[in-house]
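Participant: Questions regarding the structure given below will be posed in turn.
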Amino acid sequence: SMNGYDHYMLKEIHEQPDSLRNAMRGRLNDEDATAVFGGLNLTPQQLRGVERIILTGCGTSWHSALVGEYMIEEFARIPVCVEYASELRYRNPPIENNTLVFGITQSGETADTLAALNETKRKGHRTLAICNVVGSSIAQAADGGVYLHAGPEIGVASTKAYSSQCCVLAMLSLYFGRMRHMSFESGGRIIEELRRLPAAVEQALTCDSEIRRIASKYAEASNFLYLGRRYNFPTALEGALKLKEISYIHAEGYPAAEMKHGPIALVDKHTPSVFIMPRGTTYDKVMSNMEEVKARGGPVIAVASHEEAQIRRIADEVIMIPEVPEFLQPIVSAVPLQLLSYHIAVLRGCDVDKPRNLAKSVTVE
Ligand code: F6R
């Protein structure tokens, strides 16, 4: 049931503090300052020997793969490739020995992801699934894996599965990191930060009414840009995809610094740009990118973590989210973008839970 919510999508957005707690339940080990997984089906020796990781999936799951790439490279220092499953299955790339392949999928039934995993498995590589639906085709095809435990996701637009995928990837980064050079202290700190995550997401959800107000101002736009850097670049792609699929507004996500290489030509007074810019390494750079857009007359919506006069001066709208470490920003900053696309779609009279032309699981290629 929808538990009093108007749509499954809204219910699932609000379930995220709980679905994140469920993703972490029993998986954080304080004694060894690491994560534990029951179903990887690989020995510590096999896992230690991993020299490259391929993350593959489609759509929103491909976006969480991009987040995972940044996390695994930062914390475990293992080189990562992110591949669209539909490309990986036919591209026949050379894959080195000791490569571990993760298929990331909410449904566990996406035809391209299943085929990509089977193709790499056939070549003799180890395959794991990061999957929500227990016993699904991909969960069965992989050598092992990690379940999200997010509960059923009914809305066609993926929300809580996305945040749980990012969370599982964060725990995997901790796990692989601690198997290599990450210290006990660093591992312990990451565990603490993960434990604080559900409360931060809860706080991000309180901006709902502010976002509804912003949505009503921009619901008539025909184009949106979403911009962010580093960990917030995949968030820009995910924000744009959410808006496209449920409100049918054209939207594009870019790394904020790519603007000047073309997309800035799209900026005009009818084209809002959403800047995902919680404070972090590239904060000042993104601030200048935002200023460039503003100078060209584009409306600016900023998603920020700190009250600051400069942001208020440049941006037309500011959505405040709580401060979390950079690697967890994708999970927290996705929340206002999910809500923004939800409210815009509702205002435009769209069928939020069953957008046109889309199916919950894509079992054809
Ligand atoms: C977007 C969305 C799709 C799916 C994609 C992969 O909101 O839901 O882009 O993410 O079809 O689906 P799964 O994760 O089930 O393999």
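Participant: For V274, what residues show an amide H to amide H distance below 5 Å, using hydrogens built from the backbone and excluding near sequence neighbours?
Facilitator: Amide H neighbours of V274: L225, Y226, L227, I301.
Participant: To continue, here is another question. May I ask you to give the solvent-accessible area per residue for the chain, in square angstrom, as obtained with a 1.4 angstrom probe?
Facilitator: Working: 14660 Å² over 365 residues.
Solvent-accessible surface per residue comes out at 40 Å².
Participant: Non-local amide H neighbours of V146 (under 5 Å, H modeled in plane, Pro and chain starts lacking H): which ones?
Facilitator: Sorted by chain and number, the residues that satisfy this are A129, I130, C131.
Participant: List the GluC sites (Glu not before Pro) in segment 42-147 that DSSP assigns to loop (not H, G, I, E or B) and whose Cβ has at most 15 other Cβ atoms within 10 Å. Which are they? Kindly include the intermediate steps, with their values, before the conclusion.
Facilitator: Values: sites: E51, E69, E73, E74, E83, E87, E96, E109, E119; in loops: E51, E96, E109.
Within segment 42-147, the qualifying GluC sites (Glu not before Pro) (loop, at most 15 other Cβ atoms within 10 Å) are E51, E96.
Participant: Let me ask something additional. All other residues with a Cβ under 15 Å from the Cβ of G39 taken together, and with Lys, Arg as +1 and Asp, Glu as -1, what is their net charge? Write down the numbers at each step before the final one.
Facilitator: Details: positive: R25, R27, R126; negative: D143.
So the environment of G39 carries a net charge of +2.
Participant: Can you tally the net charge around G151? Count Lys and Arg as +1, Asp and Glu as -1, for every other residue whose Cβ sits under 14 Å from the Cβ of G151. Please report the intermediate quantities before stating the final value.
Facilitator: Values: positive: K11, R21, R25, K160; negative: E12, E15, D18, E153.
Result for the local shell: 0.
Participant: While we're here: How large is ³J(HN,Hα) for each residue in segment 307-316, as worked out from phi by the Karplus curve 6.51 cos²θ - 1.76 cosθ + 1.60 (θ = phi - 60°), to whole Hz, x for Gly and Pro?
Facilitator: Coupling constants for segment 307-316: 5, 8, 4, 5, 5, 4, 6, 7, 7, 7 Hz.
Participant: For every other residue with a beta carbon closer than 12 angstrom to the beta carbon of S305, add +1 if it is Lys or Arg and -1 if Asp or Glu, then tell me the sum.
Facilitator: Numbers: positive: R279; negative: E307, E308, E323, E326.
In short, -3.
Participant: Report, in debye and to the nearest 20, how large the dipole of the chain comes out about its Cα centre when Lys and Arg carry +1 and Asp and Glu carry -1 on their Cβ. Intermediate values should be presented prior to the final figure.
Facilitator: Numbers: 38 positive and 43 negative charges, 69 e Å.
For this selection, approximately 320 debye.
Participant: Would you mind telling me which residue in P17, P330, P263 has the biggest mean-square fluctuation in a Gaussian network model of the chain, where springs connect alpha carbons within a distance under 10 angstrom?
Facilitator: Checking each option, the largest mean-square fluctuation is seen for P263.
Participant: With the cut-off at 26 Å, tell me which of the pairs K121/K160; K294/K360; K160/K244; K123/K354; K11/K285 have Cα atoms farther apart than that. Intermediate values should be presented prior to the final figure.
Facilitator: Working: K121/K160 29 Å; K294/K360 38 Å; K160/K244 18 Å; K123/K354 38 Å; K11/K285 36 Å.
The pairs that break the limit, which is 26 Å between Cα atoms, are K121/K160; K294/K360; K123/K354; K11/K285.
Participant: Given +1 on the Cβ of Lys and Arg, -1 on the Cβ of Asp and Glu, and no further charges, what dipole in debye does segment 73-171 carry about its Cα centre, rounded to the nearest 20?
Facilitator: Numbers: 8 positive and 10 negative charges, 41 e Å.
Dipole magnitude for segment 73-171 comes out near 200 debye.
Participant: Name the long-range amide H neighbours of I319: under 5 Å, sequence gap of 5 or more, or other chain; modelled H, no Pro or chain starts.
Facilitator: Correct list: A302, V303, A304.
Participant: Turning to a different aspect of this structure: When only DSSP loop residues count, what trypsin sites (Lys or Arg not before Pro) in segment 290-365 have their Cβ near at most 10 other Cβ atoms within 10 Å? Before the final figure, lay out the partial values.
Facilitator: Details: sites: K294, R296, R312, R313, R348, R356, K360; in loops: R296, R348, R356, K360.
Sites meeting the loop and neighbour criteria: R356.
Participant: Another one. Karplus couplings for segment 102-114 from phi (6.51 cos²θ - 1.76 cosθ + 1.60, θ = phi - 60°), rounded to Hz, Gly and Pro as x?
Facilitator: Result, rounded to whole Hz: 9, x, 9, 7, 5, 6, x, 10, 5, 4, 5, 5, 4.
The values are calculated or read from the model by the stated rules, or taken from the named source; none is laboratory data. These numbers come from a predicted model, not from an experiment. Heads up, the Cβs are rebuilt from the backbone with ideal geometry, glycines too, and the neighbour counts pull from every protein chain shown. What goes into the accessible areas is simple: the full protein's heavy atoms, side chains included, and nothing from ligands, DNA or RNA. Shrake-Rupley method; radii C 1.70, N 1.55, O 1.52, S 1.80 Å.
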